1. Please work out the Cα center distance from the range 194-230 to the range 263-319, rounded to the nearest Å.
2. Starting from the Cα of residue 370, step 7 Å along the direction of its Cβ; do the same at residue 25; then give the gap between the two resulting points in nm.
3. With θ set to phi - 60° and the Karplus curve 6.51 cos²θ - 1.76 cosθ + 1.60, what are the ³J(HN,Hα) couplings of the range 32-45 in order, to the nearest whole Hz, using x for Gly and Pro?
4. With every protein chain present, what is the per residue accessible area of the range 58-384 (1.4 Å probe, Å²)?
5. Peptides 359-365, 42-48: what's the order by average Cβ count within 10 Å, highest mean first?
6. So what is the calculated 222 nm ellipticity per residue for the chain, using -39500 (n - 2.57) for each DSSP H run with n of 4 or more, over all residues, to the nearest 500 deg cm²/dmol?
7. Could you give the radius of gyration (one decimal) and Dmax (whole number) of the Cα atoms in the chain, in Å?
8. Using a 1.4 Å probe on the protein chains only, how many percent of the accessible area of the chain belongs to carbon and sulfur?
Amino acid sequence: MMGAVDLPFIQIDGRPIIVDGYKGTVYCDPSAQLRKQYKAIFLEEQALVKGLEALKDLPCETKDRYRLPLHVNTGLMADVVRSLERGAEGVGLYRTEVPFLLRDRFPSEEEQRAIYREQLEAFAPHSVTMRTLDIGGDKALPYFPIEEDNPFLGWRGIRVTLDHPEIFLAQIRAMIKASEGLDNLRILLPMITNMQEVEAARALIQRVHKELLEEGYRVRKPQVGVMIEVPAAVYLAPELSRRVDFLSVGSNDLTQYLLAVDRNNAQVADLYQAFHPAVLRALQYIVYAAHDAGISVSICGELAGDPGAAILLMAMGYDVLSMSATNLPKVKSVIRGITFERAKGLLAEVMRMSNGDLIREHIARELRETGLTRLIRPLASDANE
Ligand code: PEP
Ligand code: MG
């Protein structure tokens, strides 16, 4: 649960509370009745998760046999272990800023190589998509402060690393060296807003690869992709798709920039609508652009881990959904519980709708009718409404 800024933290310190992440509600000093209800939800949720664990070795496919690979988002080594236990088929987003955030200085090229090697080895032969350092916005390194009035519209992602090629080059060298003998590395560029950034980054990656070959490393040139997370990149998707090997949609940022809603501002949290029709239309357009150019497109924002959204994204044609390991079993379960035909029907219905709230309700109703309600909210909490 995010954005609980108005909670009287001092007053509730030490008192019993219930946090309902499904509803976004905190209950302080809950009554015995409420405690009983939530205890039941808690036990149901545990039983549900246990039941879903059995899905680990089953393929993620619809009832009519449409296959949809599920990848995970990682940052820590702990994520890797959990992901493998849950049957992930690759890493769709490795957030490299996480190991940078855990230090008090920039990690050296050799330190980075060792960290990246662990991720690549753990998932080999599956692919690992490593995003180059995505700092700025709400992610600040304590040893590299960035002071700005408007950080989300400022110096972030690829903008920082192209201005500091020494950071970018060390990171790319470390990644490519780490992939030696495994060849499962894919490099992803964050916050791309124009073609020049892609060309500049590609030239640096090309240079590093050539230098490493000259130094005697037997390394393959990795696939390079871009994140689509600002509206400009949506409209450039046809051109971008002709210059890169794959696209990956960062729906967290894309939603914030399309709707002009700060993703961390509790005041406007209600306006951050993942199912806003403008967001859905942009998401569909990106798939058409990528597939027209013959490249694959995945999505690695939180949306991919929402069971209802996953159905729509599959129907739109996303080739891979990448999510936190926690959500993976739920998404697999919902995909296995529906036909691709019905998913396409549902998508056609919501694409005709112009109200994000109604779209969300429409999808919830569909899940309820297909008996998949438990994946979006435990049964006992329904009784609590
Ligand atoms: C996104 O923006 O959707 C994304 C995956 O990147 P991050 O959440 O790390 O900004
Ligand atoms: Mg992002």
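The values are calculated or read from the model by the stated rules, or taken from the named source; none is laboratory data. Everything numeric in this text was worked out from a predicted model, so none of it was measured. When we count neighbours, we look across all protein chains shown, and the Cβ atoms used for this are built from the backbone with ideal geometry, even at glycine. Calculation scope for accessible area: heavy atoms of the full protein, side chains included, ligands and nucleic acids excluded. Shrake-Rupley method; radii C 1.70, N 1.55, O 1.52, S 1.80 Å.
1. The range 194-230 and the range 263-319 have Cα centres separated by 27 Å.
2. Inter-label distance under the simple model: 2.7 nm.
3. 4, 4, 5, 4, 5, 4, 6, 4, 5, 4, 4, 5, 4, 4
4. Working: 13470 Å² over 327 residues.
Solvent-accessible surface per residue comes out at 41 Å².
5. Values: 359-365: 17.1, 42-48: 13.7.
Final packing ranking: 359-365, 42-48.
6. Details: 17 runs with 182 residues, N = 385.
Helix-only estimate at 222 nm: -14000 deg cm²/dmol.
7. In order Rg, Dmax, the Cα atoms of the chain give 21.5, 71 Å.
8. On the way: 9320 of 17790 Å².
Looking at the chain in its full context, I get 52 percent from C and S.
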